[in-house]
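The structure appears right after this line, and notes come after that.
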């Protein structure tokens, strides 16, 4: 399987994603420069974290109008899997691939810590390897990670099983106390209507190996590989 990793000016998690899929999972991987996007041969795309264009205007706003997004939208429309991580999630929101918006964290501070996530749907292209595993731990690192959508959109996401991850505690309980950034309904990750584009604020590529103390992120990429196989 070939993963394409889209690189913008200011991306800083692109090499982490490359290492995760290439060296940890043994898959083919290639960097794709945003200005000259060539998706030929890619089976899946990763839009990585960082600060694309320095988060000028809003996080993800400038990247959302780059040439790469035209290709990514067509890639999604063809049914191929795309995962946007942190700034990548913000880019998918700004481009309209995913609904809603991202606003500043509730305390207006950058947050960098491990979080527990409750898996809300293990029947997707990104969670089919979770089986009965309902709780995972992944790190977050963001200043604009509070997910927002209107009441109608939130109801639609819930009803269609498109809320994939929620911030929780180590027992899997969801509450305001387990919400690190003020995200509505503790949302940490959502799917598009077709189920082949995922946006999530936590970083699975940083939790791939036992040497770092956590391999929960592997399951997300292994699920993508399973979905394409």
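The values are calculated or read from the model by the stated rules, or taken from the named source; none is laboratory data. On a predicted model such as this, the values are computed, not experimentally measured, just so you know. Cβ sites come from the backbone with ideal geometry, for glycine too, and all protein chains shown count toward neighbours.
Check the stretch 161-182 and report whether any residue there is in a helix (DSSP H, G or I) and either free of Cβ contacts under 8 Å to residues at least 60 places away in the same chain or closer than 22 Å to residue 46 by Cα (or both). Step through it out loud before you land on a result.
We begin by selecting, within the stretch 161-182, every residue in a helix (DSSP H, G or I); these are 176-178.
Right, trim to either free of Cβ contacts under 8 Å to residues at least 60 places away in the same chain or closer than 22 Å to residue 46 by Cα (or both) and you get 176-177.
Yes, that holds for at least one residue.
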Quiz item: Quick check, is residue 6 outside any strand (DSSP E or B) and within 30 Å of residue 105 (Cβ to Cβ)?
Solution: no
Exercise. Quick one: residue 185 ticks every box in (1) at positive phi; (2) part of a loop (DSSP other than H, G, I, E, B); (3) over 14 Å from the mean Cα position of the chain (by Cα) except a single one, so which number is it?
Key: (2)
Quiz item: If you scan the stretch 193-217, which residues turn out to be under 23 Å from residue 60 (Cα atoms) and either out of contact with any helix residue (DSSP H, G or I) (no Cβ under 7 Å at 6 or more places or on another chain) or modelled with pLDDT under 95 (or both)?
Solution: 193, 194, 195, 198, 202, 203
Quiz item: Residues in the stretch 126-160 that are assigned to a loop (DSSP other than H, G, I, E, B) and in contact with a strand residue (DSSP E or B) (Cβ under 9 Å, 6 or more places away or on another chain): how many?
Solution: 10
Quiz item: How many residues does the stretch 9-23 contain that are closer than 16 Å to residue 208 by Cα and either in a loop (DSSP other than H, G, I, E, B) or modelled with pLDDT under 95 (or both)?
Solution: 1
Quiz item: Only one residue in 220, 190 is within 30 Å of residue 58 (Cβ to Cβ), within 18 Å of the chain's Cα centre (by Cα) and not in a strand (DSSP E or B), so which one is that?
Solution: 220
Quiz item: Could we say that residue 227 is in contact with a strand residue (DSSP E or B) (Cβ under 8 Å, 6 or more places away or on another chain) and outside any loop (DSSP other than H, G, I, E, B) here?
Solution: no
Practice problem: For the stretch 24-33, enumerate the residues that are assigned to a loop (DSSP other than H, G, I, E, B) and either crowded, with 18+ Cβ neighbours inside 10 Å or touching a residue at least 24 places away in the same chain (Cβ under 8 Å) (or both). | Solution: 25, 27
